[in-house]
1. Add +1 for every Lys or Arg and -1 for every Asp or Glu among the other residues with Cβ under 12 Å from the Cβ of residue 269, and state the total.
2. Let me make sure I get this right: for the range 12-165, a, b and c are the square roots of the gyration tensor eigenvalues over alpha carbons, sorted descending. Under 1.5 in a/c it's rounded, otherwise prolate if a/b > b/c, else oblate. Which is it?
3. Place a +1 charge on the Cβ of each Lys and Arg in the range 40-113 and a -1 charge on the Cβ of each Asp and Glu, then give the dipole magnitude about the Cα centre in debye, rounded to the nearest 20.
4. For the range 297-436, what class follows from the C-alpha gyration tensor (a ≥ b ≥ c being the square roots of its eigenvalues): rounded when a/c is under 1.5, otherwise prolate if a/b is larger than b/c, else oblate?
5. What net charge do the residues around residue 62 carry, taking every other residue with its C-beta under 12 Å from that of residue 62, with Lys and Arg at +1 and Asp and Glu at -1?
6. Take the alpha carbon gyration tensor of the range 383-442, find the square roots of its eigenvalues, order them as a ≥ b ≥ c, and report rounded if a/c is under 1.5; if not, report prolate when a/b exceeds b/c, else oblate.
7. When the Cα centres of the range 116-168 and the range 51-79 are compared, how far apart do they sit, in Å?
8. Which pairs in the list 393/433; 65/199; 165/199; 184/418 are over 28 Å apart, alpha-carbon to alpha-carbon?
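Read the figures in this text as sums done on the coordinates, not as results from a lab. Predicted model only: the values in this text are computed from it and were never measured. Note that we place each Cβ from the backbone using ideal geometry, even for glycine, and neighbour counts take in every protein chain shown.
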Amino acid sequence: MCADFKLRTRYVYIAVFLAAAMAYANAFAGVFQFDDYNVIVHNDAVHSWAVWWNDFGHGIRPLLKLSYLLNWLSGFGEIGFHVVNLCIHAVTAMLVYQLSRLFLQQAGKQGDSHDAIALAAALLFAVHPVHTEAVTYISGRSSSLMALLYLSALLAHAGLHRQGKARLAQPITLLLFLLAVAVKESAATLPLALLLWDKSTGVGWREAMRRQWGIWLAWCGLCIWFLAQPGYASMLLTSASMHAQGFWGREQLAGMAYLIGQYLWPLSLNIDPDFGHSDTLTFLLVGLGALLPVAWFLRRELPVLAFSLLWLFVHLVVLHLFFPRLDIANERQLYLADWPLCLLLATGLWHLPQRRVAVAAITVLLVLLAGMTLSRNTVYRSEVALWEDTVLKSPHKARVHNNLGVAYLLAGRTDEAKAEFATALSIEPGYEKARDNLLRMNGDRVGQQE
């Protein structure tokens with residue numbers, strides 16, 4: 001039986017990898033974009049071993065920088081970065097399969113359908129277009145690589161305890177936790193995720209804390225370390241100021257609801273959305289929030305629904321609660337947050353009246369989502385294409401017009417660049433970057449994106 005399971009898992013992994021590879025087959029044409037220049041192209045810490053080592057222990061995200069450094073030194077250019085991003089995404093989708101299967105076994109009531117539902121969830125995750133910002137956009141790796149290590153830690157915790165290897169569970173989970181934080185600091189939510197998993201699968205509070213005490217101790221140590229960093233202390237003060245000014249409110253709520261909407265209806269993906277103060281979005285999120293107590297009490301009867309809603313709460317609301325964002329909503333924030341939604345969707349489709357109808361519905365949905373992903377990948381083929389697409393979707397946002405102007409300027413399309421800078425100033429008369437870029441054009445200097 002063990003051999004049969006390993007063989008079956010091997011075929012599942014092949015299917016998941018092929019699905020991801022087909023959905024992102026045209027992503028290799030993508031070039032460096034936007035933040036890629038700050039974190040990769042113009043960042044000496046990812047160009048030299050000596051500079052990276054000197055930066056180690058002083059800057060943040062050393063493991064992420066190491067991955068960029070290895071890519072940079074490989075000499076394969078953008079293609080090399082895209083290959084690594086695709087592999088990270090494919091392995092993360094395989095983790096979604098294992099976690100979905102394990103969750104259904106521990107808390108679900110799906111009988112012999114665990115493998116099929118888990119495979120459907122992994123395939124949905126692999127091809128969903130909302131993940132293009134974390135996969136096709138090169139510096140989106142911060143989200144995808146962190147998620148890979150984060151979900152690996154969760155799987156180690158859940159899987160090793162289930163196998164009776166409790167002594168190995170905590171040290172391995174702790175190591176993976178620290179590696180995830182070394183990629184992106186938002187991995188600090190992992191202790192809450194472990195607690196959510198244990199409570200959703202019937203583990204008592206005392207047993208859950210016995211399993212996790214080392215993780216929480218490390219979390220406290222990390223908090224102290226981050227607070228000692230001048231940049232993070234400043235960020236927390238800024239966050240507190242935003243709370244005091246009421247910044248965390250309708251904008252943040254609308255941002256979270258917007259992201260959920262992008263998962264459910266990914267027809268207008270946007271690297272720089274401008275959703276304003278939408279009461280509809282706010283009411284949607286408040287409605288979802290009202291379901292949380294219901295989800296908690298129904299976690300035994302409707303475990304997948306409850307876990308999905310509570311996971312979203314931890315990975316969207318909690319982060320926004322403590323760290324209000326100036327860029328309120330980026331689709332790559334969903335990369336870690338939405339895998340239980342894939343499981344919930346797969347579970348719902350699998351329970352359509354007839355099995356043949358269920359398989360057909362899942363297949364059609366996968367094809368549609370993969371097609372949308374292939375289409376979205378083409379936007380990353382050039383900076384002009386990316387920002388032209390963004391201007392169409394956020395026409396009233398000054399920064400978007402400024403960035404398109406810079407892309408036009410770099411492409412030698414000066415008249416169009418001037419028009420975009422002028423449009424940015426007409427939207428926001430005090431926008432200094434757009435004004436400076438117009439002045440720079442007169443001096444034949446390259447403009448500034450924001």
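1. Details: positive: 332, 376, 393; negative: 133, 272, 331, 389.
Residues near residue 269 contribute -1 overall.
2. Working: a/c = 3.09, a/b = 1.68, b/c = 1.85.
Cα axes put the range 12-165 in the oblate bin.
3. Working: 4 positive and 4 negative charges, 56 e Å.
So the magnitude is around 260 debye.
4. oblate
5. Working: positive: 61, 65, 184; negative: 55, 185.
After counting each charged neighbour, the total is +1.
6. Numbers: a/c = 2.12, a/b = 1.05, b/c = 2.02.
Because a/c hits 1.5 or more and a/b fails to exceed b/c, the range 383-442 counts as oblate.
7. Their Cα centres are 22 Å away from one another.
8. On the way: 393/433 21 Å; 65/199 35 Å; 165/199 19 Å; 184/418 37 Å.
Pairs exceeding the cut-off: 65/199; 184/418.
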